[in-house]
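Below is one structure; the comments refer to it alone.
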Amino acid sequence: MNASVSVELQELCFRYPHGGKDAPHTLEGVTLAVERGSLLAIIGHTGSGKSTLVQHLNALLKPSAGTVLIEGKNIHENKHAIREARFRVGLCFQYPEYQLFEETVEKDIAYGPKNMELPAGEIAARVHRAAGLVGLDAALLPKSPLELSGGEKRRAAVAGVVAMEPQVLVLDEPTAGLDPHGRGQMHAMIRRFRRETGRTVLLISHSMEDVAALADRVLVLDRGHAAMHGTPAQVFARAAELEAMGLSVPPVTRIFRLLREKGVNVPAEVFTVAQAEEAIRGLL
Amino acid sequence: MIRDITIGQYFAGDSPLHRCDARMKLALTFAFMIVIFVCGNFFSLGLIALAALALALLSRVPGGMLLRSLRPIVMLVVFTSVLNLLYTTDENTHALLQIPLHFRGWVITVTREGAFTAIFTTVRILCLLLVSSLLTYTTTPSMLTAGLEHLLKPLAKLRVPVAAFAMMMTLALRFVPTLVEETDRIMNAQKSRGSNLETGSLLQRVKAFVPVLVPLFISAFRRAAELANAMESRCYTGTNERTGMKQLRLRARDYIALSAVLLLLGGVVTLNVFFGKIV
Ligand SMILES: Nc1ncnc2c1ncn2[C@@H]1O[C@H](COP(=O)(O)OP(=O)(O)OP(=O)(O)O)[C@@H](O)[C@H]1O
Ligand SMILES: [Mg+2]
């Protein structure tokens, strides 16, 4: 096995117990390797199994077949390995603001590190580091989570996961329901986290723009199958197949494709607004 | 997983029992329970058990599902049976079995009367549970609430807010699955932050549930406030003059059901008189 692989899935299969006996598997043989320090975006139609997949990474769900290796270690080897996986893989759910429960933001961020049984000094240091990373104002730390705005709550919740300093950070639709400003801040936070820690990040997203802007690799899930896996350029080049799965390419990519069809000489591989800007400057 | 909890266990179907009027079913279930308590000897008990089984067959609810609804009370049945077996002893009882305990010369005596009572009580409890689960298996929660509201209507004259109570019940039932799902989600989120809900002493586990309960209550209150706003903006006032979307109507089969239960009551009383009461 490759030493630079952080997350490895082998033939992962899963079926929810209450789906009925002949219900299709939610995950059907997903095989995947994520390189350490890279950002993998997971995209797929609603109900394609993205959230189910990532819940396998920290052993919240047990695969019905196949294995999950984190840093080369099978997380279902024994009880101890499961607990270790909970701290190695930081999983941040969709709408994580609903998990806040402590009296102060500071205490809430400290909940994960406290469960890791770290010394008090280390916990305090991690809380401040995490708050800085997600861009949470230090003045908000002594406040009650209920007094924060929606976007601030979201960042506080993400900080609660980041404070565990996991090897792999998994974010399930972190920008869902945020305004453009909030989304920009979330992007900045993800970039800062990667720059400062060099850790692996898995990002579930419905926004192709987010994916194009952030991802090194893209995994496309379609009804529990890994339909595509490659760089954003490789995946977004297959626009017709994506559309057949109920997905799309980033809006700028579509515009540039239409321009090419009209005979304008622009490059086909344009995925972000920044790239588009550059391409148009080149034309002028 | 926490999703295993089923409340308002409705089994979709089209049996005669399903088609009966909810009010009649509620009233007859109540009547059946009274009959179960009236019964006084093994003959009448047998008649009741036969009637309960016939109802179960008539409902076409799979036997496995019915057994599953009986499972929660297995412990209770075993417990009462053991108590009945052991504690029915006086001068007039007949010993069936004596088990000497080599401790201070104590002897466990199982009497014939004790065994009878144990069997009697067990069959009674099973019948009670079977009939009441048949009611919830064959009636949707909304029809049950509507039926209950109609049956309690007379109380509205005494200024009891019957309609408001019925609405509360409907809403509570409606939000059970939502709350179960929410609990599942929050539990997973806190487990991801390393909370340990499965192991540790009782106190530790109770403490571990605080991070689940607090967000759950916050969101339940938020939901309640949102729902109240949504209802008020659609002019809901909670008065007793509301009409239901589904109108309840008594048909021939409801009167047949009524006669059947009355016949059962007659049969049980006759058997009681004829063979005497032993319990
Ligand atoms: N707890 C559960 N019990 C039973 N079935 C479930 C459960 N959670 C999800 N499913 C089913 O599994 C399938 C995949 O769900 P999943 O939540 O992984 O989808 P997703 O790709 O994350 O979708 P979305 O983009 O809407 O979040 C769906 O068909 C869903 O109905
Ligand atoms: Mg999801």
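The values are calculated or read from the model by the stated rules, or taken from the named source; none is laboratory data. These numbers were taken from a predicted model, which means no experiment stands behind them. All Cβ positions, even for glycine, are placed from backbone atoms using ideal geometry, and neighbour counts span all protein chains on display. Ligands, DNA and RNA are stripped out before the accessible areas are found, and what is left, the full protein with its side chains, is counted by its heavy atoms. Shrake-Rupley method; radii C 1.70, N 1.55, O 1.52, S 1.80 Å.
Couple of notes before you dig in:
- Qualifying position, being surrounded by 15 or more Cβ atoms within 10 Å (Cβ to Cβ) and out of contact with any Lys or Arg (no Cβ under 9 Å at 6 or more places or on another chain), among A:Leu53, A:Leu27: A:Leu53
- Index of the failed condition, A:Ile42 passing every other in (1) at pLDDT below 95; (2) within 16 Å of ligand 2 (Cβ to nearest atom): (1)
- Here A:Leu91, A:Leu12 are screened, and the one residue that is outside any loop (DSSP other than H, G, I, E, B), within 14 Å of another protein chain (Cβ to nearest Cβ), within 16 Å of ligand 1 (Cβ to nearest atom) and surrounded by 21 or more Cβ atoms within 10 Å (Cβ to Cβ) is A:Leu91.
- Top-ranked residue of segment B:179-201 - restricted to ones that are open to solvent by 10 Å² or more (accessible area, probe 1.4 Å) and among the basic types (Lys, Arg), ranked as nearest to ligand 1 (Cβ to nearest atom): B:Arg185
- For segment A:87-98, the condition of being of a type in the set (Phe, Trp, Tyr) and within 14 Å of the chain's Cα centre (by Cα) holds for at least one residue.
- When segment A:67-88 is filtered for residues that are facing chain B (nearest Cβ under 8 Å) and open to solvent by 40 Å² or more (accessible area, probe 1.4 Å), only A:Arg83 remains.
- Summed over segment B:215-235, the residues that are open to solvent by 50 Å² or more (accessible area, probe 1.4 Å) and either in a loop (DSSP other than H, G, I, E, B) or within 12 Å of chain A (Cβ to nearest Cβ) (or both) give a count of 8.
- Those residues of segment A:149-176 which are open to solvent by less than 10 Å² (accessible area, probe 1.4 Å), among the hydrophobic types (A, V, I, L, M, F, W, C) and either over 22 Å from A:Glu122 (Cα atoms) or within 16 Å of ligand 1 (Cβ to nearest atom) (or both), in sequence order: A:Val170, A:Leu171
- A:Glu269 vs. criteria closer than 22 Å to A:Leu40 by Cβ, in contact (Cβ under 8 Å) with a residue 24 or more places away in the chain, more than 22 Å from the chain's Cα centre (by Cα) and open to solvent by 70 Å² or more (accessible area, probe 1.4 Å): yes
- Restricting B:Ile73, B:Ile48, B:Ile7, B:Ile36 to residues that are out of contact with any Asp or Glu (no Cβ under 9 Å at 6 or more places or on another chain), modelled with pLDDT under 90, within 27 Å of B:Gly147 (Cβ to Cβ) and surrounded by 13 or more Cβ atoms within 10 Å (Cβ to Cβ) narrows the list to B:Ile73.
- Count of segment A:46-63 residues which are away from ligand 2 (no atom under 11 Å from the Cβ) and away from every other protein chain (no Cβ under 14 Å): 1
- From the options B:Gly194, B:Gly200, B:Gly238, residue that is of a type in the set (Gly, Ala, Ser), outside any helix (DSSP H, G or I) and more than 14 Å from chain A (Cβ to nearest Cβ): B:Gly238
- Residue check, A:Ser48 touching a strand residue (DSSP E or B) at 6+ places or on another chain (Cβ under 7 Å), farther than 18 Å from A:Val162 by Cβ, open to solvent by 30 Å² or more (accessible area, probe 1.4 Å) and modelled with pLDDT under 95: no
- Residue in segment A:129-146 that is open to solvent by 50 Å² or more (accessible area, probe 1.4 Å), within 12 Å of another protein chain (Cβ to nearest Cβ) and within 28 Å of A:Ile43 (Cα to Cα) present: no
- The residue that is nearest to A:Ser6 (Cα to Cα), among those in segment A:177-218 that are open to solvent by 60 Å² or more (accessible area, probe 1.4 Å) and within 16 Å of ligand 2 (Cβ to nearest atom), is A:His206.
- Those residues of segment A:96-145 which are assigned to a loop (DSSP other than H, G, I, E, B), more than 22 Å from B:Ala220 (Cα to Cα) and touching a residue at least 40 places away in the same chain (Cβ under 8 Å), in sequence order: A:Met116, A:Gly135
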